[in-house]
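Asker: I have a structure here, written as structure tokens, and I will follow up with some questions on it.
All of the numbers you see were taken from the coordinates with simple rules; none came from a lab. All figures in this text were calculated on a predicted structure; none of them were measured in a lab. Reconstructed Cβ throughout: ideal geometry from the backbone, glycine too, with neighbour counts over all protein chains shown.
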Amino acid sequence: MTILGIETSCDETAAAIVEKKDGKLLLRSNIISSSLDLHAETGGIIPEIAARKQIEFIHPVLQKALEESFGKGKTSELFSQIDAIAVTYGPGLIGSLLVGVETAKTLSLALNKPLIPVNHMVGHIYANFIDTAEESIRKEQIQFPALALVVSGGHTDLLLMKAHGEFQLLGGTRDDAAGECFDKCARLLGYNYPGGPKIAQLATKGDPKHIPFPRPMLGSHDYDFSFSGLKTAFLNETKKHFPILRNNISPNEKIGWQQAVVENNLTPKEKQTIYDLCASLEDAIFTVLIKKLSKAAKEYTVQSILLSGGVAADKKLRERLGAMVEQLPDTNLFFPTKKLCTDNAAMIAAAAAYAGKPVPWENITADPELYFDEN
Ligand code: KG4
Ligand code: ZN
């Protein structure tokens with residue numbers, strides 16, 4: 001079975017083709033265009049610009065995904081090799097989602113192919129099921145029950161996955177997501193979105209134990225998370241070390257300081273403080289994620305742990321999780337390749353291949369607020 005996936009929930013316009021064959025899911029093409037650069041200056045996604053770019057990118061991205069999979073040819077012939085179409089219908093930005101959903105509905109109608117709506121968050125988890133070149137080093141196959149941690153810019157969710165498509169939400173963030181916390185702290189230092197990779201890079205030179213940031217909800221008896229307080233703690237701690245950020249400074253002074261951080265123009269001592277701030281922030285976030293994951297893995301005696309979402313690309317998080325899973329003899333850890341951690345359409349096609357149900361195109365509507373339990 002060959003599935004065309006379409007993903008347009010935020011600032012990425014993506015189309016991918018996967019083929020399910022002999023119990024494996026092969027990636028035939030994975031095309032992504034992004035409007036990220038246009039949002040970098042403002043520090044956050046501008047929905048109107050993201051939606052306009054989705055419209056501009058969707059057809060070239062679709063064509064490229066088809067050609068990369070099947071070679072050049074008449075579009076109708078290329079489309080004839082597709083068995084089904086999968087599309088993200090939420091959560092996300094309404095203007096962006098609509099572009100993918102309406103494109104997919106039109107294709108389903110015109111080509112008379114089944115259309116499978118996919119929850120973006122479920123898609124992130126299914127990135128773990130795609131066989132890529134690196135897959136050959138994977139020794140164990142994913143087995144259920146599995147524990148899935150989705151750590152992205154919008155979500156920090158912990159789910160029990162009992163079988164394909166069967167999810168129980170164990171907990172989620174009550175305010176900011178882990179990725180959002182990284183993005184906002186990086187912004188304070190003057191770095192554009194996405195801040196996660198920048199914090200990760202600076203953290204490699206810092207001491208993770210230097211600043212005792214709070215470990216929010218570490219001891220709570222549930223599987224919820226909260227990261228907005230940590231962002232405030234990061235702000236207060238940064239102000240302590242850099243008086244220039246305290247009240248009564250002009251915006252220009254603040255911008256000047258941020259420029260100095262970004263351009264690496266600080267004194268050696270100041271640089272080290274920035275590295276320590278980043279390493280300590282990372283340590284606080286990862287400690288909470290790992291503790292809760294470990295507790296849930298034991299409570300539900302899971303066979304597999306599936307990491308996903310943009311923050312899953314973080315090397316340190318992967319290493320620390322790897323060390324944690326070594327303590328669990330019957331559990332294996334999985335994470336997607338870096339390119340499949342952040343938003344892409346291959347994960348959407350993968351979710352459809354394993355757990356999707358076709359729905360008549362007339363009954364599919366974009367749902368920006370879609371959550372797990374509604375899937
Ligand atoms: O999954 P994603 O691409 O988009 C959402 O659905 O939100 O995740 C984006 C998030 C951003 O917050 C970004 O800062 C974070 O993932 N991120 C990282 C890394 N790469 C992306 N965080 C930490 N380390 C990374 N290497
Ligand atoms: Zn995402």
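Asker: If the only charges are +1 at each Lys and Arg Cβ and -1 at each Asp and Glu Cβ, what is the size of the charge dipole of region 134-217 around the Cα centre, to the nearest 20 debye?
Answerer: Values: 10 positive and 10 negative charges, 63 e Å.
Here region 134-217 has a charge dipole of around 300 debye.
Asker: Could I ask something else about it? May I ask for the angle, rounded to the nearest 10°, between helix 178-188 and the longest principal axis of the chain, with both axes built from Cα atoms and the value confined to 0 to 90°?
Answerer: Taking the Cα atoms of the chain, the angle to 178-188 is about 50 degrees.
Asker: Do the sum for the chain: with -39,500 (n - 2.57) for every DSSP H run of n ≥ 4, divided by all residues, what is the mean residue ellipticity at 222 nm, to the nearest 500 deg cm²/dmol? Spell out each step's value before the answer.
Answerer: Details: 13 runs with 162 residues, N = 375.
That calculation yields -13500 deg cm²/dmol at 222 nm.
Asker: Measure nothing but the geometry: give the 0 to 90° angle between the long axis through the Cα atoms of 47-70 and the longest principal axis through the Cα atoms of the chain, rounded to 10°.
Answerer: For 47-70 against the chain, the angle is about 50 degrees.
Asker: Still on this structure, I have one more. Per-residue HN-Hα couplings for region 257-267, Karplus 6.51 cos²θ - 1.76 cosθ + 1.60 at θ = phi - 60°, whole Hz, x for Gly and Pro?
Answerer: Running phi through 6.51 cos²θ - 1.76 cosθ + 1.60 with θ = phi - 60° gives 5, 4, 4, 4, 5, 4, 7, 6, 9, 9, 5 Hz.
Asker: List the lysines whose Cα sits under 27 Å from the Cα of K21, skipping any in the same chain fewer than 8 residues away.
Answerer: K64, K72, K74, K105, K113, K139, K162, K338, K339, K357
Asker: Which GluC sites (Glu not before Pro) does region 1-89 hold that lie in a coil by DSSP with at most 16 other beta carbons within 10 Å?
Answerer: Filter output for region 1-89: E41.
Asker: In square nanometres, what is one fourth of the surface area of the convex hull spanned by the alpha carbons of the chain?
Answerer: Details: hull surface 76.3 nm².
Here the figure is 19.1 nm², rounded to one decimal.
Asker: Could you state the angle between the C-alpha long axis of helix 315-326 and the longest principal axis of the C-alpha atoms of the chain, as a value from 0 to 90 degrees rounded to the nearest 10?
Answerer: 80 degrees
Asker: Using alpha-carbon pairs under 8 Å, 6+ residues apart, how would you state the relative contact order of the chain in percent? Provide the component values of the computation, followed by the final result.
Answerer: Working: 781 pairs, mean separation 96.8, N = 375.
Over the chain, the number comes to 26 percent.
Asker: Please give every one of the aspartates and glutamates within straight-line cross-link reach of K53, meaning a C-alpha to C-alpha distance under 19 Å, and leave out same-chain neighbours fewer than 8 residues apart.
Answerer: E7, D11, E12, D37, E41, E102, D343
Asker: Another one. Among all the aspartates and glutamates, which ones have a C-alpha under 12 Å from K184's C-alpha, if same-chain residues fewer than 8 places away are not counted?
Answerer: The qualifying aspartates and glutamates are D176.
Asker: Along the charge dipole of region 290-375, pointing to its positive end and built from +1/-1 on Cβ of Lys, Arg, Asp and Glu, which listed residue (I348, M324, S308) has its Cα farthest out?
Answerer: In region 290-375, that residue is M324.
Asker: Okay, next question. Return the subset of K209/K298; K231/K316; K291/K316 for which the Cα-Cα distance in this structure is over 24 Å, preserving the input order.
Answerer: Beyond 24 Å: K209/K298.
Asker: Taking Rh as the Kirkwood radius computed over C-alpha pairs, what is the Stokes-Einstein D of region 1-95 at 4 °C in a medium of viscosity 1.567 mPa s, expressed in µm² per second? Walk me through the numbers on the way to the answer.
Answerer: Values: Rh = 14.2 Å.
After rounding, the answer is 91 µm²/s.
Asker: Scan around L170 for amide H atoms under 5 Å from its own, H built in the peptide plane at 1.01 Å from N, and keep only partners 5 or more places away or cross-chain.
Answerer: Excluding prolines and chain starts, which carry no amide H, the hits are L158, L159, L160.
Asker: As an exercise, identify the trypsin sites (Lys or Arg not before Pro) in region 137-236 lying in DSSP coil whose Cβ has no more than 15 other Cβ atoms within 10 Å. Before the final figure, lay out the partial values.
Answerer: Values: sites: R138, K139, K162, R174, K184, R187, K198, K205, K209, K231; in loops: R138, K139, R174, K205, K209.
Here the sparse-neighbourhood loop sites are R138, K139, R174, K205, K209.
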